[in-house]
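Engineer: A single structure is presented below for examination.
Read the figures in this text as sums done on the coordinates, not as results from a lab. Treat the numbers as computed from the prediction; the structure is a model and nothing was measured. Here Cβ is always computed from backbone atoms with ideal geometry, including for glycine, and neighbour counts include all displayed protein chains.
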Amino acid sequence: MWQVIGRLAATFAFVASAQAARAQDVRIGALFAMSGTQATFGELMSSGAQLAVDHANADRVLKGKLSMLVEDTQGTPQNGVIAINKLVNVESVPFVLSSYSGVAKAIAPIAARAKVVAVNGGGVGPDLAELGPYFWNVIPLANFEVRAFVPYVVKQRNLKRIALLYVDDPLGNGIRKEFEAALPGAGGELVAALSVPVATQQFAGVAARIREARPDLVYIASYGAQQVAAIKQLRDNGVTQTLASYGAFSNPEILALPEAKGALFTTQLVDTDGGDAVTKRFVADYKAKHGKAANVYTINYYNIVRVFVLLAAELQKQGKPVTGENLLAQRSATRSFDLVGAKVSFEANGTVNAPIQINEIGAGGVAKAVAVVATK
Amino acid sequence: MLLLQLLVNGLQTGALYALTAAGFSLIFGTTRVFHLAHGSAFVIAAYVFYSLAARAGAHWSLALLGAAAAAVLFGVLLDRVVYAPIRRHEGSFFTLFIASLGSAIVVQNVVGIAFGRSVVTVSTPLSRSAEVLPGVFVAPLAGVAIGCALVCFWLLQHFLGTTQRGVALRALAENAQLVRAYGLHPARLSTLAFALGSLLVVPAAALTVATSGANPAMGNHVMLISLAATIVGGVGSLRGAACAGLLLGMAENLALWRLEPQWSEAVTFVVLLGFILVRPTGFFGRAHAH
Amino acid sequence: MSTVPVEPPLRVRGLRKAFGGLRVTDDVSFDLAAGIVTTLVGPNGAGKTTLFNQITGELAPDGGSIALHGQALLGLAPWQVARRGVARSFQDLRLFGQMTAHDNLLTAMEPATGLWQPGGAARQERRERVAQLLEATGLAAQAQARAVDLSYAQRKFLSLARVMASRARLWLLDEPASGLDRGSYERFVALVRGAVRGGVTVCLIEHNLDIVADLSDRVLFLDRGRLLAEGTPQAVMGDPALAAIYFGERAA
Amino acid sequence: MLAYLINLGVLVGINAVLAVTLNFVMGYAGIYSIAHAVFFGVGAYTAAFVALHLSASLFVTLPLAMLLAAAVSVALALPALRVRGEYFVAASLGLQVIAVTVFSEWKSVTGGIGGVTGIPPAELFGRAVAAPAHFLVLTLACLGAVIAATTLLLRSAFGRSLQALRDSESAAQAAGKNVAAIKTLAVAVSASLAAVAGVLYAHYIAFVNVESFTLDTSVLLMAMVIIGGTGTLLGPLVGALLLMLLPSLFSFMSFLPPTEISAVQQIAYGATMVLLMIFRPGGLVGGNARARS
């Protein structure tokens, strides 16, 4: 809050300088965790989004220049609300990129009230599907990931007793609900569900509780630095079972952990080897610019910006202003989008559906797909 | 077995809490400075240890020495540069308290800018537990922690009980006038108290970096625990602070037996509030709360 | 001294208090009679202030009784004792340091607790009385000065004025005249005499033997928590045994 | 630019309410509480809950929030009656930590870390106060009312009683002051007026979660009072204004990396607190008057 108050005031200070733009120019906003314990993710997401902005400007798809205003949320709802207020009320952007389930839930009503489209490509809390017409998701939510994951581990891997360590926020609570719903039907059992506060870094006691429950698999529903600490300390404190998580394990810091070897995690299926032009260009340019392969979050945020560019270009062609309301109408009118990795169509509630792939972290921190599960 | 495991964990946590709390208690008891920046000394020691051991690749003993030097330097500098001028003007406890709070905020953010706000760890094979009894896992570092605490307390007891300066330090806690009358210099003794008190956080800081990692904001937690332990143990009583530190570490871990982890900090402070309301002088307290 | 009242303003019987093994008040019984000045004397550590603290409710005695006009005081909080008409001063003064001299007195006249207090005529009357008291204690020019900024003698008088402001009928003054210069001392004696003439009962703790001679009607001699003697100043201070205790201790 | 100024005005106003009410207990009653954010939180959560489930009218949310905050304030008054000085500071710290746990865990009311979303705008006489400019007027009106209420109280007999017990509790008792009742009342007044800020905040941001009511907030509020000047009428206002404007200044310094701005601000606050305590403990407004023990 200390810094929050500061940010409340500070973020509004750029207004004066930022307004001297040409009338045709288009601006969108982005809410990323650029500092704090979640900064690694902000980096990944913004690099993807920025590449899409650069591509759009290079291709002159839009009349005028596209620019993206990045606001730092540190992944917390509080900072997210301050940032969305600025983007909506002061900057008047029609379209905002959102990340983190907690942030998404907090900002959605504000965006909806102002008829601004907010799109999530990172948070996977299942209730993100229910945030109203102005909130879209391009990432399959955790319910898809959990529902794909549970039958796989129970049936294919014969890991029936699952212990859940989850962060006490909308994401963690959402995932817990999914496990409670999905496990009994698949023949599994939730033998322990332990929640930890967002800031906790101590897991020795939690490890003892988990061991006591004698699970076959430990699912960690958290993110960022906390997940890194949890993996290391669970292993340090005698938890030898398979570890698992959702897409957050694709964090390079986790892949690099020796303790994470053998862990399973789900991601949406992204086919970067696909032959379509959009994917090829993204893969090549991203590698050229950042010197490493893109991660699923990078791709999602590239795709969000790309969805915006496609919709806005169409609106401009029709002579309509690029407002949140028109963007929403145009999305409903568009059957599908050519995005990196796939041709994607939105469901009526603003979510997308994609096959889920299950990855295993192998030697040297390389994740390799071990199964693909179609979801419906 | 869970209970036994939690007890062992509690012993490890409690040993470290006892050390930091004794440091805070020593400083508060002898100088009456409500030294909130005690947590900052912890953070500084932790990051210096991390820089030397993990980044520069120094031997752990060298890194420990560096961390100790940094913590002591910080404590002494704060006493000389910040607290001493305020005390000269007979500033109230509150003035000192705010100055200390300000210092803590500065340290937390300087460290945050320098090292980032994420978690840093020094990896060591010693943090890996082995099963000593069925269902009870103990890491070598737990033994190191408990051993460290015992050695430190023995040394401290020896110093305060037998050396001239140590005895003077204890006397200062009782009566500053008396000490002056015996020709001892309170300012110099106060420096000694800060040096010793800050030194006591070093083992805990280094061990924390090796087990769960450190971040710049953890000074807050250390400060809250030290303060709670000092009051629960009774102001002016090192033994009280140490026992209370141990107790709070145990309580925090044993709470996991039945409660979710998010309640553990609240458990500590319910104990603290209970003591303040029912027995403000703490376990071993002599000083009056008024 | 006039007729003996049916019930003396203050009656103390069998008062006992010990800290650990140390008896600070050891079976003390005495009366404070109306309209006279009684002085508590005794060497340092005799338990004089402790006795005041027990009368005012700051310290709970281990046994005995204290009655004000026949009503038991024991068990009451200090503020309740104060509202029954017992005012005290402190050896270390305990003025309201950051408040003005004027407000120090005004607040002593406003014991009510609520957020709103009756105003109007009562308020005007209080302000007038504050002015009178400041005038009487020689502090009129310092009315708007903060208490901490006053000189030593001025602070002593402010402390006395605060007692006077309370309208209490029993005053317990803890070394009120120590360290006063001659002029201030005489002003002090005059103020106390005036109050006593108005029917106030005064009990002093004093080391200054001039006061004992000038002002006291009766003397209580306390040593190590025990009441050793009581009587006229001449009788008590003239007793060589008591003088030996008194001066012996003082010299040490 | 105007939108920016209006937003800043609202935030300064809300924080000024908190600083003024904190100063009421800290500066005048000598109750050094590091738990003021708790009452801010109680106000905000009450407003959020009531506005979502009952009515968004300020005539409903304000009184309920104030009443509840006053009731909760007993938890702070209790240690204030028992202990002073460092002990009370420690007790208030404990209360702050416990309150944060309750705010995080009582999910049915507070929504946990996810918070309460979609709080409707405040209503006054059946009309929504949603436009930022209107909300600024509302905030300033509330600030004015809070300043008027505290100032009147401080100039009254009650205010003198408060200051008397701050300067010497035993002497205040000897002057017939019911110290326990006065302290309890003072804490209740401060808490219920702080709840006003919570109500405004909840309606303005339309979202509340526990992050706004942590120890950091309490410390920030304390910094506002201290830097402005403890026990002065103007001090908390100056402090709130300064600490709210400072961040904007930093954000104009383009050489600072944007992600470090908040850290640099905090360093500035922290260093200011230290320097003031060494050279000017009375705060900017308070002159050289020493903070009192």
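Engineer: Where is the GNM fluctuation largest for chain A (alpha-carbon springs, 10 angstrom cutoff): A:Val26, A:Val278, A:Val218?
Structural biologist: Comparing A:Val26, A:Val278, A:Val218 in the GNM, the peak value goes to A:Val278.
Engineer: I've got another one for you. Please compute the average number of Cβ atoms from other chains found within 10 Å of each residue's Cβ in peptide A:233-240.
Structural biologist: Mean inter-chain Cβ contacts per residue within 10 Å come to 5.
Engineer: Roughly how many nanometres apart are two label points built 7 Å out from the Cα toward the Cβ at C:Ala235 and B:Trp60?
Structural biologist: 8.3
Engineer: Sort D:265-275, A:199-209, D:216-226 by the packing proxy (mean of other Cβ within 10 Å over each peptide's residues), most packed first.
Structural biologist: In decreasing order of mean packing, D:265-275, A:199-209, D:216-226 become D:216-226, A:199-209, D:265-275.
Engineer: What nm distance separates the two modelled labels at A:Lys65 and D:Ala3, each placed 7 Å from Cα along Cα→Cβ?
Structural biologist: Placing both labels 7 Å beyond Cα along the Cβ direction yields 2.0 nm.
Engineer: Which trypsin sites (Lys or Arg not before Pro) does segment A:315-371 hold that lie in a coil by DSSP with at most 13 other beta carbons within 10 Å?
Structural biologist: A:Arg335
Engineer: Projected onto the charge dipole of the protein assembly as shown (+1 at Lys/Arg Cβ, -1 at Asp/Glu Cβ, origin at the Cα centre), which of D:His134, C:Val192, D:Thr21 gives the Cα projection farthest towards the positive end?
Structural biologist: C:Val192
Engineer: Would you list, by chain and number, the lysines whose Cα falls below 21 Å from the Cα of D:Lys107, excluding same-chain residues fewer than 8 positions away?
Structural biologist: A:Lys105, A:Lys177
Engineer: Amide H to amide H under 5 Å from C:Val24: which residues, 5+ apart in sequence or cross-chain, H placed 1.01 Å off N in plane?
Structural biologist: C:Lys17, C:Ala18, C:Phe19
Engineer: Please average, across the residues of D:155-162, the number of beta carbons from any other chain that are within 10 Å of each residue's own beta carbon, and give a whole number.
Structural biologist: Mean partner shielding for this stretch: 6.
Engineer: Between C:Ala77 and B:Arg188, what is the label-to-label distance in nm when each label sits 7 Å out along the Cα-to-Cβ direction?
Structural biologist: Computed distance between label sites C:Ala77 and B:Arg188 equals 4.9 nm.
Engineer: Right, next: Where a ≥ b ≥ c are the square roots of the eigenvalues of the C-alpha gyration tensor, would you call the protein assembly as shown rounded, which needs a/c under 1.5, or, failing that, prolate if a/b is larger than b/c, or oblate? It would help to have the intermediate numbers written out before the result.
Structural biologist: On the way: a/c = 2.65, a/b = 1.84, b/c = 1.44.
Prolate, since a/c reaches 1.5 and a/b exceeds b/c.
Engineer: Right, something else. Once R0 is set to 30 Å, what does the formula 1/(1 + (r/R0)^6) return for the Cβ-Cβ distance between C:Asp210 and C:Asp149, expressed as a FRET efficiency to the nearest 0.05? Please list the in-between numbers first.
Structural biologist: Details: r = 29 Å, r/R0 = 0.97.
The computed FRET efficiency comes out at 0.55.
Engineer: For the modelled label position 7 Å from the Cα of D:Ala130 along Cα-to-Cβ, which residues of segment A:77-111 have backbone nitrogen atoms closer than 14 Å?
Structural biologist: Flagged as within label range: A:89, A:109-111.
Engineer: 222 nm [θ] for chain D, helices only, -39500 (n - 2.57) per DSSP H run of 4+, per residue, to 500?
Structural biologist: -24500 deg cm²/dmol
Engineer: Next up: Could you tell me how far the Cα centroid of segment D:90-129 sits from the Cα centroid of segment B:232-254, in Å?
Structural biologist: Their Cα centres are 33 Å away from one another.
Engineer: While we're looking at this one, here's another question. What number results when the radius of gyration of segment B:58-111, computed over Cα atoms, is divided by 2.2 N^0.38 Å? Walk me through the numbers before you get to the answer.
Structural biologist: Numbers: Rg = 14.2 Å, N = 54, 2.2 N^0.38 = 10.0 Å.
Normalised by 2.2 N^0.38 Å, the Cα Rg of segment B:58-111 equals 1.41.
Engineer: Same structure, new question: Between B:Ser237, B:Ser92, B:Ser40, where does the largest GNM mean-square fluctuation fall for chain B, given springs only between Cα atoms within less than 10 Å?
Structural biologist: B:Ser92
Engineer: Let me ask you something else. Taking only Cα atoms and a 10 Å spring cutoff, compute GNM fluctuations for chain B and point out the largest among B:Gly240, B:Gly57, B:Gly166.
Structural biologist: B:Gly57
Engineer: Which aspartates and glutamates have a Cα lying under 19 Å from the Cα of A:Lys280, excluding residues fewer than 8 positions away in the same chain?
Structural biologist: A:Asp54, A:Asp59, A:Asp271, A:Asp338
Engineer: Another question about this same structure. Would you give the gap between the C-alpha center of segment A:55-121 and the C-alpha center of segment B:50-94, rounded to a whole Å?
Structural biologist: Each part reduced to its Cα centre gives a spacing of 43 Å.
Engineer: Specify which residue in the list A:Val278, A:Thr73, A:Pro252 is farthest towards the positive end of the charge dipole of chain A, using unit charges on the beta carbon of Lys, Arg (+1) and Asp, Glu (-1), about the Cα centre.
Structural biologist: Farthest along the dipole direction, towards plus: A:Val278.
Engineer: May I pose another question? Could you work out [θ]222 nm for chain B from helices alone, using -39500 (n - 2.57) per DSSP H run of at least four and dividing by all its residues? Round to the nearest 500 deg cm²/dmol.
Structural biologist: -23000 deg cm²/dmol
Engineer: Mean Kyte-Doolittle of at least -0.5 and a Cα length of 18 Å or more along the axis: which whole DSSP H helices of chain C meet both?
Structural biologist: C:152-165, C:182-197
Engineer: Still on this structure, I have one more. Between A:Glu130 and D:Ala271, how high is the FRET efficiency from 1/(1 + (r/R0)^6) when r is the Cβ-Cβ distance and R₀ = 35 Å? Nearest 0.05.
Structural biologist: Step by step, r from the Cβ atoms, then E = 0.15.
Engineer: If you don't mind, there's one more thing I want to ask. May I ask for the distance between the Cα centers of segment C:197-252 and segment D:140-156, given as a whole number of Å?
Structural biologist: If we compute the Cα centre of each part, the gap is 53 Å.
Engineer: Rounded to the nearest 500 deg cm²/dmol, what is the calculated helix-only ellipticity per residue at 222 nm for chain C, with -39500 (n - 2.57) per DSSP H run of length n ≥ 4?
Structural biologist: Result for chain C: -11000 deg cm²/dmol, rounded to the nearest 500.
Engineer: Still on this structure: If the reach is capped at under 16 angstrom between alpha carbons, list the aspartates and glutamates near C:Lys17, excluding any in the same chain fewer than eight residues apart.
Structural biologist: C:Asp26, C:Asp27, C:Glu58, C:Asp62, C:Asp223
Engineer: Sticking with this structure for a sec: Using r as the Cβ-Cβ distance of B:Trp154 and C:Ala244, and R0 as 41 Å, what FRET efficiency do you calculate, to the nearest 0.05?
Structural biologist: The formula returns an efficiency of 0.15 here.
Engineer: Neighbouring Cβ atoms within 10 Å as the yardstick, rank D:Phe125, A:Phe249, D:Phe213 fewest first.
Structural biologist: Ranking D:Phe125, A:Phe249, D:Phe213 by Cβ neighbours within 10 Å, fewest first, gives D:Phe125, A:Phe249, D:Phe213.
Engineer: Further question: Go through segment B:108-124 residue by residue and turn each phi into a ³J(HN,Hα) via Karplus (6.51, -1.76, 1.60, θ = phi - 60°); whole Hz please, and just put x for glycine and proline.
Structural biologist: Along segment B:108-124, the couplings run 4, 7, 5, 4, x, 5, 6, 10, x, 9, 7, 9, 10, 9, 10, 8, 8 Hz.
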